[in-house]
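Q: Take a look at this one; I'll ask things after.
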Amino acid sequence: MNDHRNITDQARTAEHRTYRRLGRAVLAVAAVAGLGLAWAGTAEASPSAATSVPTCSAGALKATFGRQLAGGMNHEGVVIRLRNLSGRTCVLRGYPGLGLENSAHHGLTTHTHWGSTWYAKDPGKKTLVLKDGESAEAVAAWTHANTGTSDAVHASYLEITPPAATQHKTGAFPQWVDHADLSVTALAKHIDITP
């Protein structure tokens, strides 16, 4: 009788081991299949990553000053334009960096504030896709309470750094700027100027 139990127990144990092995094999196949799906998903994502539009570098852009802005209470401003001349599509997102320079092109301590200005409401950060030849603009503003006072800085040039860039463009900017404080909006395809 004990022999019968042992054989039955052994048969059940062998059967149980077979099911466990089969279960592990099924799990292994499922895991590999899942991994295959993950690889397939990666393979599908790669072409879109490879064709993603690059960020506009400083070298791809031409910086110019547009409309000069003036108003009451000693406010001044200017529309800054960045035009894509790279020969291909690129993107911009965010605020341009600004820095004042003296006549010898030495940087002056500058405080740049991002957001709405005296002349324009901030459009906020948006990804701008610029085809070759297209432009984005921002509005820069400052005050000059009294030309030549101790809290005013005389600049000769303005550095304009595109978002996510490490190099800048420089434009002639013969201005007195109180406290070297500049305000600038985010870049947009077009910004409405407040009259």
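Q: For Ala145, are the conditions met, namely being more than 29 Å from the chain's Cα centre (by Cα), in a loop (DSSP other than H, G, I, E, B), surrounded by fewer than 19 Cβ atoms within 10 Å (Cβ to Cβ) and modelled with pLDDT under 95?
A: So Ala145 passes the test.
Q: Kindly provide the set of residues from the stretch 113-137 that are open to solvent by less than 70 Å² (accessible area, probe 1.4 Å) and more than 19 Å from the chain's Cα centre (by Cα), ordered by number.
A: Thr117, Tyr119, Ala120, Gly133
Q: Return the pair list, or none, for Cβ contacts closer than 9 Å from residues in the stretch 106-127 that are over 17 Å from Lys189 (Cα atoms) and at pLDDT below 95 to residues that are assigned to a loop (DSSP other than H, G, I, E, B) and charged (D, E, K, R), at least 6 apart or on different chains.
A: none
Q: Between residues in the stretch 151-166 that are free of Cβ contacts under 8 Å to residues at least 60 places away in the same chain and acidic (Asp, Glu) and residues that are open to solvent by 20 Å² or more (accessible area, probe 1.4 Å) and outside any strand (DSSP E or B), which pairs lie under 9 Å by C-beta distance while being six or more apart or on different chains?
A: Within 9 Å, the pairs are Asp151/Ala145; Asp151/His179.
Q: For the stretch 178-191, check the following and say yes or no: at least one residue is open to solvent by 60 Å² or more (accessible area, probe 1.4 Å) and closer than 17 Å to Ala63 by Cα.
A: yes
Q: Next up: Could you say which residue among Ala140, Ala172 is hydrophobic (A, V, I, L, M, F, W, C) and within 21 Å of the chain's Cα centre (by Cα)?
A: Just a single option satisfies the conditions, and that option is Ala140.
Q: Sticking with this one: Taking into account only those residues within the stretch 59-71 that are in contact (Cβ under 8 Å) with a residue 40 or more places away in the chain and open to solvent by less than 50 Å² (accessible area, probe 1.4 Å), which is farthest from the chain's Cα centre (by Cα)?
A: The qualifying residue farthest from the chain's Cα centre (by Cα) is Gly71.
Q: Considering the stretch 58-78 alone, what residues qualify as being part of a strand (DSSP E or B), under 17 Å from Leu92 (Cα atoms) and of a type outside the set (D, E, K, R)?
A: Within the stretch 58-78, Leu61, Ala63, Thr64 qualify.
For every residue, the table says whether it meets (1) under 21 Å from the mean Cα position of the chain (by Cα); (2) open to solvent by 70 Å² or more (accessible area, probe 1.4 Å).
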{"site": "Pro54", "(1), (2)": "yes, no"}
{"site": "Met73", "(1), (2)": "no, yes"}
{"site": "Val91", "(1), (2)": "yes, no"}
{"site": "Gly94", "(1), (2)": "yes, no"}
{"site": "Asn102", "(1), (2)": "no, no"}
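The values are calculated or read from the model by the stated rules, or taken from the named source; none is laboratory data. Here the structure is a predicted model, which is why all the values come from computation and not from measurement. No Cβ is skipped: glycine too gets one built from the backbone with ideal geometry, and neighbour counts run over all protein chains shown. All accessible areas refer to the heavy atoms of the entire protein, side chains included, with ligands and DNA or RNA removed. Shrake-Rupley method; radii C 1.70, N 1.55, O 1.52, S 1.80 Å.
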